[in-house]
Amino acid sequence: MKKAFFTLVAVLAFGSLQAQGVFKIGVVGGIPTADAADISTFMLGGDVYYMFEKEDALLNFGPTVGIRNYFGDEISPGISIDDGTFLPIGGAARITLLGILTGGVDVGYAVGISDFLDGGFYFRPVVGLDILDILELNASYETVSDAATWGNFNIGLLLAL
């Protein structure tokens, strides 16, 4: 396991020397769906991307990491659910159309940070609109397959550094 981790770090480090990339950071807020809708009221999160971008490329990709907090709901008087927090780690791919429209997917594993969460497969299809060269407005649906299905529809802003 350690060898695989260090190999991945080396590939990413040396690959970044050959390809010019860009860091992107973002915030996202959403409305819970699926099983999460029964026990949470709102989702708030953040993301960090490193996209290996080439000028005028149709396809861009790179690693991503984020945080998602589902705010617990009061299910009956005096009984409330704790917040559920995930750390999604994975890869992202984006297709750029007409220079301003993007579409793609984030795929990986979401580590359960809260005591009652195990973590699971993370999937997030995304559509975006470049407002400025450094700012993107995006919308997505994301899901984490834990013992329950944690899903949400969300809107976010992404800033390229």
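The values are calculated or read from the model by the stated rules, or taken from the named source; none is laboratory data. Note that the coordinates shown come from a computational prediction; the quantities given were computed from them, not determined experimentally. In this analysis, Cβ positions are derived from the backbone assuming ideal geometry, glycine residues included, and neighbour counts consider all displayed protein chains.
Of the strands (runs of 3 or more DSSP E) that lie entirely inside segment 63-161, those containing 2 or more residues that are over 21 Å from Tyr50 (Cα atoms) span 74-76, 84-97, 119-130, 135-145, 149-160. Just one of the numbered conditions (1) within 20 Å of Ile25 (Cβ to Cβ); (2) surrounded by 18 or more Cβ atoms within 10 Å (Cβ to Cβ); (3) in contact (Cβ under 8 Å) with a residue 60 or more places away in the chain; (4) of a type in the set (A, V, I, L, M, F, W, C) is not true of Ala160: (2).
Quick check, is Val48 out of contact with any Lys or Arg (no Cβ under 8 Å at 6 or more places or on another chain) and modelled with pLDDT of 95 or more?
Numbers: out of contact with any Lys or Arg (no Cβ under 8 Å at 6 or more places or on another chain): no; modelled with pLDDT of 95 or more: yes.
When the stated conditions are applied, Val48 does not pass them.
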